[in-house]
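A short reminder: the numbers here are calculations on the coordinates, not readings from a lab. The model shown is predicted, which means the values in this text are computed figures rather than measured ones. Glycine also receives a Cβ, built like all others from the backbone with ideal geometry; neighbour counts cover every protein chain displayed.
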Amino acid sequence: MAQQTPPSPHPDDMPKGDPWHAFGYLVSGVLVYGLIGWGLDRWLNTSFLAVVGILAGVSLGIYMTWKRFNAPWNTKQ
């Protein structure tokens, strides 16, 4: 029997390269992890965790953007 290949995705099914999604990931990452770092700074009486939280938020925002827009819709089995 011949192997069947899955149908290629329709162009409308692929994620769009909307820059607002990337902006949202970056801003929300900075806000959420920056606030967590700020809260830990206040609680532990330190002064560096807010910066660590902001950098972690930016890193995770970039990762989430890369993961969303580089989805494996074009891979062959």
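Computed quantities for the displayed model
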read-out: In region 19-53, the residues that are exposed (fewer than 14 other Cβ atoms within 10 Å of the Cβ) and either in contact with an Asp or Glu (Cβ under 8 Å, 6 or more places away or on another chain) or among the hydroxyl-bearing types (Ser, Thr, Tyr) (or both); value: Thr46, Ser47, Phe48
read-out: Complete set of residues in region 41-70 that are closer than 16 Å to Asp18 by Cβ and assigned to a loop (DSSP other than H, G, I, E, B); value: Asn70
